[in-house]
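Take a look at the structure set out below.
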């Protein structure tokens with residue numbers, strides 16, 4: 001527990017300091033996220049707050065590289081590169097094709113470090129899944145506090161359900177929990193700074209990589225991760241499917257996700273708190289059931305998304321935006 005507390009506090013303090021410094025440096029108009037017809041915020045808000053989380057985790061990975069050069073070295077290259085790409089995208093638009101190319105390259109490096117890059121069907125599925133998850137964090141980081149809340153749900157839920165992840169994976173989970181909490185001190189509604197692509201790309205890839213390693217090591221099956229992160233992947237996937245079926249320009253920015261519809265009606269604070277409570281009292285227990293009773297895992301997964309499915313239908317997620 002002493003090691004866990006140390007890593008958590010290191011992440012928290014480091015993130016608080018670095019995000020606070022970032023906030024002082026990015027208050028210029030060209031570095032701010034400006035409100036538009038597709039956004040969920042109404043005031044110009046500084047972005048790139050995820051830099052604090054990125055630097056804290058990369059510092060630890062740099063030390064870990066002396067002990068686990070394959071894992072840590074590969075992860076530094078993949079996640080560091082994707083963080084730089086995200087920072088570039090925050091400063092000026094990178095373009096979707098080039099962005100996707102970097103994401104696939106980074107995902108391939110992560111799979112290589114996990115010895116999952118064998119060219120088979122599983123590799124293809126995992127590669128697509130990792131890239132999809134990186135984009136999930138970008139799509140779903142649209143209202144104050146929600147991306148941080150989902151990351152905390154995964155990190156703390158994984159520790160609770162597994163009985164405590166040991167070694168360097170456990171260190172990263174505690175470090176990331178503290179770093180995300182430090183960021184959320186500035187991003188909690190009403191947000192003073194956003195995560196930005198630099199943070200969402202990095203955290204998305206890191207969480208995906210951790211989920212795969214925990215699955216390989218027997219700490220947490222993939223179905224457990226899917227349940228813990230159901231808010232993100234189900235909302236985004238359902239919305240995308242509806243937009244495709246209804247022949248919308250699904251690649252364009254929009255605000256028809258379930259969480260966006262809720263935020264427009266009830267506000268960012270209510271929506272983020274509601275999803276956090278839903279995760280704690282519904283998703284985490286169901287993930288525990290899936291791990292403890294493998295024969296019930298797919299039933300638990302179905303139950304985890306059932307309320308989200310009902311919410312998507314009731315609030316018409318994915319349908320054409322209605323004018324305000």
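Selection of first residues in segment 239-263 that are closer than 16 Å to residue 146 by Cβ and of second residues that are assigned to a helix (DSSP H, G or I) and modelled with pLDDT under 85, restricted to Cβ pairs under 8 Å at least 6 apart or on distinct chains, gives the following pairs, ordered by first then second residue: 257/139; 257/140; 259/140. Scan segment 167-181 for residues that are surrounded by 24 or more Cβ atoms within 10 Å (Cβ to Cβ) and modelled with pLDDT under 95 and the total you get is 0.
So that you can scan it fast, the table gives a plain yes or no per residue for (1) on the phi > 0 side of the Ramachandran plot; (2) surrounded by 17 or more Cβ atoms within 10 Å (Cβ to Cβ):
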| residue | (1), (2) |
| --- | --- |
| 115 | yes, no |
| 122 | no, no |
| 131 | no, yes |
| 139 | no, yes |
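One residue stands out in segment 230-255 among those that are surrounded by 15 or more Cβ atoms within 10 Å (Cβ to Cβ) and farther than 30 Å from residue 297 by Cα: the one that is modelled with the lowest pLDDT, namely 250. Taken over segment 298-323, residues that are in contact (Cβ under 8 Å) with a residue 24 or more places away in the chain and in a helix (DSSP H, G or I) amount to 10.
Inspection of segment 279-297 identifies no residue that is within 17 Å of residue 146 (Cβ to Cβ) and not in a helix (DSSP H, G or I).
Condition check ((1) out of contact with any helix residue (DSSP H, G or I) (no Cβ under 6 Å at 6 or more places or on another chain); (2) surrounded by 13 or more Cβ atoms within 10 Å (Cβ to Cβ)) across all residues:
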{"residue": "264", "(1), (2)": "yes, yes"}
{"residue": "268", "(1), (2)": "yes, yes"}
{"residue": "274", "(1), (2)": "yes, yes"}
{"residue": "286", "(1), (2)": "no, yes"}
{"residue": "291", "(1), (2)": "no, yes"}
{"residue": "295", "(1), (2)": "yes, no"}
{"residue": "300", "(1), (2)": "no, yes"}
{"residue": "310", "(1), (2)": "yes, no"}
{"residue": "317", "(1), (2)": "no, yes"}
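When 148, 164 are checked against the criterion of being touching a helix residue (DSSP H, G or I) at 6+ places or on another chain (Cβ under 8 Å), within 25 Å of residue 221 (Cβ to Cβ) and loosely packed, with under 15 Cβ neighbours inside 10 Å, 164 stands alone in meeting it. When residues in segment 192-218 are screened for being crowded, with 24+ Cβ neighbours inside 10 Å and in a loop (DSSP other than H, G, I, E, B), 3 of them pass. I'd like to check something: does segment 93-109 contain any residue that is within 18 Å of residue 50 (Cα to Cα), more than 19 Å from the chain's Cα centre (by Cα) and in contact (Cβ under 8 Å) with a residue 60 or more places away in the chain? The answer is no; no qualifying residue exists.
The values are calculated or read from the model by the stated rules, or taken from the named source; none is laboratory data. Computed from a predicted structure; not experimentally measured. Neighbour counts run over all protein chains shown; Cβ positions are idealised from the backbone, glycine included.
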